[in-house]
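For reference, the structure is listed below as structure tokens.
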Amino acid sequence: MSLQTPMDDFFRSQFEDKLLAAAPRYDNDHLTPAARLLAKRREGLEVETALKSQKEEFERKMDEISMQRETLEMKESELRTKLMSHQKHFKDIEVKCSRALRKAEQEEQLAGEQASEEQRLRSELARLTAHRQKQQQRLEKLKHCAVYMERSVEAAEEFTEVQEVINRHQTLSSTRKDLVEHDQANQDAIDNERACLTKFKEEKNNEMLSCNNQIAQLQAVNEEAKGTTVKWEGDWAHIQNTAAEKTLTIGQIRMATRNLFILISKYLKQEINETSDDTTTMLDRV
């Protein structure tokens with residue numbers, strides 16, 4: 001009821017003017033009131049019929065639109081599902097392609113490594129084949145040696161088999177190798193000791209040279225000190241001689257001054273102090 005009322009209002013607002021305009025007009029002046037009422041009812045019925053027809057058309061169209069919307073929603077859902085499925089399928093394909101590429105790269109790298117290993121093995125086989133051929137050639141050359149060894153064992157009394165001779169040869173070779181190594185070690189030790197002795201001699205020679213230089217410097221200092229000592233001794237002797245001469249001169253002066261003082265004192269008949277020994281005072285009086 002609440003849904004039909006707005007729809008009725010809508011249809012009335014949309015189609016009322018058209019329906020009224022399309023309705024036949026009667027001259028009210030020539031109609032009775034009953035006829036005018038019937039005309040109005042007829043017009044109302046026609047409007048109601050038109051509105052009902054339009055309403056049914058509208059509801060039909062709305063149902064079609066709803067059905068189309070549901071159909072579109074279903075198709076949209078199906079498309080989304082298909083799109084997700086395709087995206088997942090594409091992702092799976094990308095993952096598979098990536099794995100296939102990595103596997104191909106690994107297989108290519110492995111093939112390269114196998115080719116390198118095959119080349120190395122071929123080179124090793126060629127080297128071993130050449131070594132085998134050399135050994136066979138050497139064996140051919142040593143066959144007469146084996147015959148010679150057998151004849152030597154038959155002729156010798158010390159050995160009974162060729163293997164004993166070989167073992168003895170190996171023992172002697174090992175002993176000789178040990179002796180050579182021991183001799184080399186001794187020679188190396190002697191060389192090291194000789195080098196140490198040479199270095200020690202050089203160090204001691206350098207120390208002796210340094211000591212000789214120091215002795216020469218000390219002797220030069222000693223000689224210089226002796227010369228200085230002789231000079232100072234001469235100066236001291238000169239000083240002593242000069243002091244003795246001056247002491248003698250002073251004594252003579254004092255003696256002459258005293259004698260002169262005594263003579264003057266006797267001449268002036270002054271009292272003479274025999275204990276006075278002040279030369280300066282005597283000279284002042286004189």
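A few notes on this one:
- Residue in the range 158-167 that is open to solvent by 100 Å² or more (accessible area, probe 1.4 Å) and in a helix (DSSP H, G or I) present: no
- Residues within the range 57-87 that are hydrophobic (A, V, I, L, M, F, W, C) and open to solvent by less than 100 Å² (accessible area, probe 1.4 Å), tallied: 4
- Test for Gln187: is it under 27 Å from Met149 (Cα atoms) and either of a type outside the set (Gly, Ala, Ser) or part of a helix (DSSP H, G or I) (or both): no
- Against the test of being at pLDDT below 80, of a type outside the set (A, V, I, L, M, F, W, C), assigned to a helix (DSSP H, G or I) and open to solvent by 90 Å² or more (accessible area, probe 1.4 Å), the options Lys246, Lys231, Lys226, Lys266 yield a single qualifying residue, Lys266.
- Residue among Arg127, Arg138, Arg151 that alone is modelled with pLDDT of 85 or more and open to solvent by 100 Å² or more (accessible area, probe 1.4 Å): Arg127
- Test: residue in the range 252-259 that is of a type in the set (Val, Ile, Thr) and free of Cβ contacts under 8 Å to residues at least 24 places away in the same chain: no
- Residue check, Lys40 at pLDDT below 85, more than 60 Å from the chain's Cα centre (by Cα) and surrounded by 10 or more Cβ atoms within 10 Å (Cβ to Cβ): yes
- Boolean, Gln54 is in contact (Cβ under 8 Å) with a residue 40 or more places away in the chain and open to solvent by less than 100 Å² (accessible area, probe 1.4 Å): yes
- Residue match in the range 102-124 (condition: free of Cβ contacts under 8 Å to residues at least 60 places away in the same chain, exposed (fewer than 10 other Cβ atoms within 10 Å of the Cβ) and among the charged types (D, E, K, R)): no
The values are calculated or read from the model by the stated rules, or taken from the named source; none is laboratory data. The structure displayed is predicted, hence computed values, not measured ones. FYI the Cβ positions are ideal-geometry reconstructions off the backbone, even for glycines, and counts take in every protein chain you see. Calculation scope for accessible area: heavy atoms of the full protein, side chains included, ligands and nucleic acids excluded. Shrake-Rupley method; radii C 1.70, N 1.55, O 1.52, S 1.80 Å.
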